[in-house]
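The values are calculated or read from the model by the stated rules, or taken from the named source; none is laboratory data. The shown structure was predicted, so the numbers you read here are calculated from the model rather than taken from an experiment. Neighbour counts are summed over all protein chains in view; Cβ atoms, including those assigned to glycine, are modelled from backbone coordinates with ideal geometry.
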Amino acid sequence: MSERRKPEPVQVIKQRRDGVLRALVEGVPYIQFLGIQLERRGDELTGVMPYTDQLIGNPILPALHGGATAAFLEVTAIITLSWGLIWEDMESGALNLDNLDGDHLPRLPKTIDFTVDYLRTGLPRDAYARARINRSGRRYASVHVEAWQDNRSRIFAQATGHFVMPQRRG
């Protein structure tokens with residue numbers, strides 16, 4: 001009878017997951033420019049765009065800029081797709097966390113098209129978003145993403161995007 005491998009401590013698993021997500025997010029300067037953060041609960045990601053005055057597009061209302069909203073939705077979709085790509089490698093320990101950089105993470109999916117529906121005014125406060133992957137194959141993915149502020153059921157913007165998936169590195 002073969003000896004059963006002892007499971008890793010929960011803290012080690014959490015640190016690995018958080019480290020991979022941090023490396024993925026820090027690899028995209030535009031995410032830092034907008035101040036977007038991604039919070040992880042298990043394998044689910046929530047995008048967070050903390051409010052700053054620089055995000056205002058219409059100071060008379062005031063309202064979040066449509067471009068900032070669209071970028072927030074697209075970033076959330078792309079990082080969610082990338083997170084799905086690396087989940088297996090990360091969970092198996094195949095990713096070397098000692099030299100985690102752009103050469104050791106998958107390339108990001110490339111946007112084919114991205115359609116945003118602005119459903120109501122984005123108010124001057126923090127925004128949240130979650131992406132749902134409708135289809136993800138070897139070459140193509142389809143994602144729906146929704147953004148809200150104070151109330152998850154009051155979506156202020158949503159988007160559907162189609163992406164070319166990067167080739168897996170051998």
In this structure, does Arg125 turn out to be assigned to a loop (DSSP other than H, G, I, E, B) and either modelled with pLDDT of 95 or more or basic (Lys, Arg) (or both)? yes
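Restricting attention to helices (runs of 4 or more DSSP H) lying wholly within the range 1-101, give those where 3 or more residues are of a type in the set (Lys, Arg) and modelled with pLDDT under 95.
Numbers: elements: 10-26, 29-34, 66-92.
Helices (runs of 4 or more DSSP H) meeting the threshold: 10-26.
Listed residues Leu34, Leu45; which is touching a residue at least 40 places away in the same chain (Cβ under 8 Å), surrounded by 11 or more Cβ atoms within 10 Å (Cβ to Cβ) and touching a Leu at 6+ places or on another chain (Cβ under 7 Å)? Before the answer, list the steps.
Numbers: Leu34 fails: touching a Leu at 6+ places or on another chain (Cβ under 7 Å).
Sole residue among the options that is touching a residue at least 40 places away in the same chain (Cβ under 8 Å), surrounded by 11 or more Cβ atoms within 10 Å (Cβ to Cβ) and touching a Leu at 6+ places or on another chain (Cβ under 7 Å): Leu45.
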Pick from the range 145-170, criterion in a strand (DSSP E or B) and within 17 Å of Leu38 (Cα to Cα), ranking: nearest to the chain's Cα centre (by Cα): Val145
